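Throughout, read-outs are computed from the coordinates displayed, never taken from laboratory work. Only a predicted model underlies this, so the values are computations on that prediction, with no experimental measurement involved. With ideal geometry, Cβ positions are generated from the backbone for all residues, glycine too; neighbour counts draw on all protein chains shown.
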Amino acid sequence: MSAYTLGVTDVADTFAEAFPMRFARLVITAVSEAWAHEAARSATGFATSVIGCKCEAAIERALSPDETPDGRPGIAVLLFAMDREGVGKRIVERVGQCVMTCPTTACFDGLPGAERTVALGATLRHFGDRFQASKVIAGRRFWRIPVMEGEFLVSDSAGVGQGVGGGNLVIGAGSDESALAAARAAAQAMRGEGIALPFPGGIVRSGSKVGALTSKSMPASTNHQMAPTLRAQVTDSLVPEGVGAMFEIVIDGVSEEAVREAMRRGLHTAAAAGATHVTAANFGGKLGEFHFPLDGLRDPP
Amino acid sequence: MTLTLTLNSKPPGRVLAAALSPERLCGLNASAVAGVELRCGGETVALGDLFDVSGAGVEEDAMVLAGDLSRFDGIGAGMSRGVIEVRGDVGAWSGAEMSGGVLRIFGNAGARLGAAYPGARVGMTGGEIVVSGDAGEEAGAGMRRGLVAVGGRTGNGAGLRMLAGTVIALSGIGEEAGLGNRRGSLVSGRAARPLPSYAFATRFRPPGLRLQLLRVRELGLSVRDGLLDGSWARWSGDVTELGRGEMLIFNEEEGPL
């Protein structure tokens with residue numbers, strides 16, 4: 001059911017349903033933006049969905065040297081998990097394996113002053129085999145871990161914030177090419193401060209439903225209602241007439257407002273880029289604390 | 001307005017000035033500030049007899065001292081919070097055994113800057129001291145944590161028996177620095193000769209030092225870009241102690257890494 005139209009785009013009368021999550025922001029710096037990017041891409045790899053990856057992470061944005069603690073080019077990364085302990089475990093694994101290992105990098109807490117924190121360098125320092133050293137600089141503790149290149153510098157702890165995970169838009173068009181072009185444009189418009197789009201290129205083509213029709217043990221299975229090839233095979237298809245492909249953009253954000261505004265940017269950009277239908281995924285409204293009705297996104301950003 | 005004490009007459013002798021700290025004076029009214037007694041040689045003088053007081057009564061955790069305070073010893077000694085900015089030279093023991101806060105001296109500092117008192121094993125345990133000019137002998141002696149950064153040179157024996165923490169001398173560290181150093185960092189922005197109990201390790205770009213130098217710049221000292229981006233020689237010592245300390249020495253004549 002269409003709530004309203006934006007040009008050629010039908011916007012469904014529905015809402016996205018999202019959940020409270022905890023997140024950390026890491027600032028990865030390096031001798032060049034390219035190296036910081038290598039570390040950030042590695043650290044945010046295999047982090048698309050908490051169901052399968054235990055966390056969701058993505059590059060937030062590039063930082064110029066005057067925005068980073070050590071005055072070098074940097075990349076801000078957001079990592080989301082269901083609780084603070086989860087955030088703590090995942091950042092130690094990922095910084096240890098993907099940032100410490102990457103040439104020339106240093107890793108800083110991107111939420112200084114946060115009320116709740118988790119150990120970062122305080123755990124990773126043990127890699128230093130007691131050759132590590134700490135420095136308190138401007139009231140914050142850092143660890144210097146000797147490595148083959150020289151030293152890896154890492155913040156002692158990382159702040160943990162309360163964010164929102166699972167905001168989404170589903171973008172459809174007549175062909176897979178036009179749907180993907182619209183989704184890609186939307187994802188680009190949605191990225192920015194406070195936003196992580198954890199799927200490849202920000203886009204997921206295999207959106208899921210909770211559970212499965214044929215198994216009790218599967219936590220998730222294909223969203224058959226939005227699979228165009230099943231349109232004539234199932235009785236509850238949600239694929240609109242004339243839609244040949246649908247893509248979902250999942251949004252994790254540092255606040256409800258950040259997610260809502262990203263969805264607004266995405267919706268209007270997708271409409272301008274040729275999407276014929278935009279809808280959103282939810283679980284009937286009973287599971288998620290946050291609801292984002294598409295009707296509330298009618299005004300352009 | 002910040003509490004400001006401007007020296008108006010030269011004291012007849014050396015003055016014990018540890019009372020000149022924000023935690024002692026901020027929030028007091030002008031007459032209470034002027035009435036604070038200071039030891040001067042064998043006598044006691046009222047603060048108001050030596051200084052013009054302005055901005056008293058403000059709850060801000062900061063104060064300014066102006067004038068030639070080279071006869072004032074122990075400015076900021078033992079301070080745990082707040083900011084003292086000195087516009088002029090200071091005497092010995094400035095910031096001795098301080099545990100927190102910031103002491104900024106735009107001038108020269110005397111001996112034992114941020115040091116441990118005689119007989120004490122531990123000196124400074126936190127906080128930051130920056131000096132735009134030179135510092136006297138044994139700056140940072142016994143330091144356990146914190147930062148002493150000097151825009152000029154330090155005198156002989158900087159970082160004597162230091163446990164940890166950082167002493168930076170942007171224009172060069174004096175002779176015999178780091179004797180008995182356990183885990184501390186001594187940083188010389190110009191060529192320096194380490195003690196024989198230090199051993200050369202390598203030349204590298206220390207990422208932690210870069211962060212510290214940026215902090216020093218933020219605190220008001222002029223730090224050349226070359227120091228931030230260049231390579232530093234690392235000497236490990238003092239091997240007669242734990243040997244986990246370091247001396248980082250910048251030498252532009254050695255060329256790029």
Seminar exercise, completed: For the range A:77-145, whose charge dipole is built from +1 on Lys and Arg Cβ atoms and -1 on Asp and Glu Cβ atoms, the candidate among A:Val118, A:Met100, A:Phe142 with its Cα farthest towards the positive end is A:Phe142
For this session: Rank B:Leu113, B:Gly157, B:Gly123 by how far each Cα sits towards the positive end of the charge dipole of the range B:74-254 (+1 on Lys, Arg Cβ; -1 on Asp, Glu Cβ) and give me just the farthest.
Result: B:Gly123
Exercise. Of A:Val164, A:Phe46, A:Val239, which is farthest on the positive side of the dipole of chain A, counting Cα position, with +1 on Lys and Arg Cβ, -1 on Asp and Glu Cβ, and the Cα centre as origin?
Worked result: A:Phe46
For this session: Compute the acute angle (0 to 90°) between the alpha-carbon long axis of helix A:176-190 and the principal axis of greatest extent of the alpha-carbon atoms of chain A; round to the nearest 10°.
Result: 50 degrees
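Residue by residue through A:129-137, how many Cβ atoms from other chains fall within 10 Å of the Cβ on average? Let's see the in-between values first.
Values: counts 0, 1, 1, 0, 8, 4, 10, 10, 10.
The mean count of partner-chain Cβ atoms within 10 Å per residue comes to 5.
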For this session: Taking only Cα atoms and a 10 Å spring cutoff, compute GNM fluctuations for chain A and point out the largest among A:Met82, A:Met148, A:Met263.
Result: A:Met148
For this session: Would you order B:Val64, A:Val254 from fewest to most other beta-carbon atoms within 10 Å of each residue's own beta-carbon?
Result: B:Val64, A:Val254
Exercise. Quick one: helix A:33-43 against the long Cα principal axis of chain A, what's the angle to the nearest 10°, folded into 0 to 90?
Worked result: 70 degrees
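From the mean inverse distance of alpha carbon pairs (Kirkwood) and the Cα radius of gyration, derive Rg over Rh for the range B:160-205. Don't jump to the answer; show the numbers that get you there.
On the way: Rg = 10.3 Å, Rh = 11.1 Å.
For the range B:160-205, the value is 0.93.
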Exercise. Across the range B:130-138, in residue order, what do the Karplus-derived ³J(HN,Hα) couplings come to in whole Hz, using 6.51 cos²θ - 1.76 cosθ + 1.60 with θ = phi - 60° and x for Gly and Pro?
Worked result: 10, 10, 6, x, 9, 10, x, 6, 6
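If neighbour count is taken as other Cβ atoms inside 10 Å, put B:Glu176, A:Glu85 in order from fewest to most. Intermediate values should be presented prior to the final figure.
On the way: B:Glu176 17, A:Glu85 12.
Going from least to most buried by this count: A:Glu85, B:Glu176.
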Exercise. Rg(Cα) of chain B divided by 2.2 N^0.38 Å?
Worked result: 1.02
Exercise. So what are the range A:24-115's ellipsoid semi-axes, whole angstrom, largest first, if each one is the square root of 5 times an eigenvalue of the alpha-carbon gyration tensor?
Worked result: 21, 14, 10
Problem set entry | Peptide-level mean, for B:225-235, of C-beta atoms on other protein chains within 10 Å | 1
Exercise. In terms of modelled amide H atoms, which long-range or inter-chain residues lie less than 5 Å from the amide H of A:Asp10?
Worked result: A:His277, A:Val278
Problem set entry | Cα-centre dipole for the range B:58-109 with unit charges at Cβ (Lys and Arg positive, Asp and Glu negative), debye to 20 | 120 debye
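Please arrange B:Trp232, A:Trp35 by counting, for each residue, the other beta carbons lying within 10 Å of its beta carbon, fewest first.
Numbers: B:Trp232 24, A:Trp35 19.
Final ranking by Cβ density, sparse to dense: A:Trp35, B:Trp232.
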For this session: Would you mind checking the tilt of helix B:207-218 against the longest principal axis of the Cα atoms of chain B, expressed as 0 to 90 degrees and rounded to 10?
Result: 30 degrees
